[in-house]
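All remarks here apply to the structure that follows.
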Amino acid sequence: MQTMEAINKPKHSPLTPEQRQRRVERARLLKSLVYEMWDGKPVYYVGYQEVLKGTKTVEQVMGSSILQSLLVSRLIFQLSSTLDMDIYAVAGNELGVQFKKGDWRSCDVAVFMLQQLEGEDWSKYAWVPPKIAIEVDTKADMGQFESSFEYYEKKTTNFLEFGVEKVIWLFTKSRKVWIAESGKDWIIRDWSQTVEVLPECEFIPDNLMNRTK
């Protein structure tokens with residue numbers, strides 16, 4: 001026997017083909033706006049809500065500023081020119097670093113030992129930790145975090161716990177460098193100071209950018 005609550009419960013009209021198609025397109029669009037996956041929960045690109053509203057394009061929220069783009073490209077060139085490419089591999093383009101299924105982070109620049117990548121499927125995300133992870137700002141939406149610091153601290157800790165030896169953050173707005181190594185105090189430096197990537201490889205952000213602002 002039906003209860004009064006069940007009898008009085010409003011019935012929803014079935015979706016029209018057009019409505020179903022819009023739902024499918026929205027779900028597909030939302031999936032394309034995932035920046036990282038944190039233990040099965042998506043972290044979207046900052047500005048993703050504007051894309052869903054139609055006021056921004058996907059390319060607009062995924063794109064980098066001129067400064068960010070120059071910094072990443074020049075850093076990759078510097079590392080590739082300094083390190084022995086018979087021993088190391090320098091990866092970029094927001095490489096996905098996979099911790100486990102449904103749990104991965106993006107990385108602007110990653111330095112691997114070539115032997116680490118033996119047996120890896122190069123068409124997929126990296127399931128092994130890079131030796132060095134370098135990040136330039138972030139494109140992550142901070143909505144699900146208490147503060148931007150929580151995001152940076154947690155992502156850094158995730159990398160270190162996964163086996164990354166050193167995490168380097170370059171912040172273009174404040175022109176600061178944040179360096180984190182497991183078992184050591186995390187330090188903050190100015191862009192004018194030397195940043196050691198590996199014993200045989202270092203750079204100074206100011207010199208790298210040739211004072212570009």
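Here are a few things to note about the model shown:
- Translational diffusion of region 70-155, estimated by Stokes-Einstein from the Kirkwood radius over alpha carbon pairs at 4 °C in a medium of 1.567 mPa s, is 92 µm² per second.
- For residue 177, net neighbour charge (Lys/Arg +1, Asp/Glu -1) across residues whose Cβ lies under 10 Å away: +2
- The HN-Hα couplings worked out from phi for region 76-93 by the Karplus form 6.51 cos²θ - 1.76 cosθ + 1.60 (θ = phi - 60°) are 4, 4, 4, 5, 5, 7, 8, 7, 6, 6, 7, 10, 10, 10, 10, 10, x, 6 Hz, whole numbers, x standing for Gly and Pro.
- The calculated FRET efficiency for the pair residue 153 and residue 210, based on their C-beta separation and a Förster distance of 41 Å, comes to about 0.85.
- In this label model, residue 120 and residue 103 are separated by 1.9 nm, measuring between points 7 Å along each Cα→Cβ vector.
- Region 114-172 - percent of accessible surface contributed by carbon and sulfur, probe 1.4 Å: 48
- Nearby aspartates and glutamates by direct alpha-carbon distance to residue 124 (threshold 19 angstrom, same-chain neighbours under 8 apart not counted): 36, 39, 94, 103, 108
- By the helix-only formula, in which each DSSP H run with n ≥ 4 contributes -39500 (n - 2.57) and the sum is divided by residues, the chain has a 222 nm mean residue ellipticity of -9500 deg cm²/dmol.
- Nonlocal amide H pairs with residue 37, under 5 Å, H built at 1.01 Å: 43, 104
- The translational diffusion coefficient of region 136-213, from Stokes-Einstein at 25 °C and 0.890 mPa s with a Kirkwood hydrodynamic radius over alpha carbon pairs, comes to 180 µm²/s.
- Structural size metrics of the chain, computed from C-alpha coordinates, are Rg and Dmax of 21.5, 79 Å.
- Near residue 140, the amide H atoms lying under 5 Å from its own belong to 46; only residues 5 or more places off or on other chains count, and H is placed 1.01 Å from N.
- Placing a label point 7 Å from the Cα of residue 34 along the Cα-to-Cβ direction, the residues of region 70-104 with a backbone N closer than 12 Å are 101-104.
- For peptides 115-124, 60-69, sequence by mean Cβ density within 10 Å, most packed first: 60-69, 115-124
- Proximal lysines to residue 155, defined as alpha-carbon separation beneath 17 angstrom and excluding residues fewer than eight positions away on the same chain: 41, 100, 101, 131, 139, 166, 184
- Accessible area per residue for region 68-213 is 52 Å², calculated with a 1.4 Å probe on protein heavy atoms, without ligands, DNA or RNA.
- Relative contact order of region 16-95, pairs being alpha-carbon contacts under 8 Å that are 6 or more residues apart, as %: 15
- Rounded to the nearest whole Hz, the Karplus-based 3J(HN,Hα) values (6.51 cos²θ - 1.76 cosθ + 1.60, θ = phi - 60°) of region 173-187 follow the sequence 6, 8, 6, 10, 10, 10, 10, 10, 10, 4, x, 10, 5, 6, 10, with x at glycine and proline.
- For residue 195, the amide hydrogen comes within under 5 Å of the amide hydrogens of 203, 204, counting only partners 5 or more places away or on other chains and with H modelled in the peptide plane.
The values are calculated or read from the model by the stated rules, or taken from the named source; none is laboratory data. Owing to the predicted nature of the structure, the values given are computational and were not obtained by experimental measurement. Ideal geometry is used to build each Cβ from the backbone, glycine not excepted, and the neighbour counts take in all protein chains shown. Accessible surface areas use protein heavy atoms only, side chains included; no ligands, DNA or RNA. Shrake-Rupley method; radii C 1.70, N 1.55, O 1.52, S 1.80 Å.
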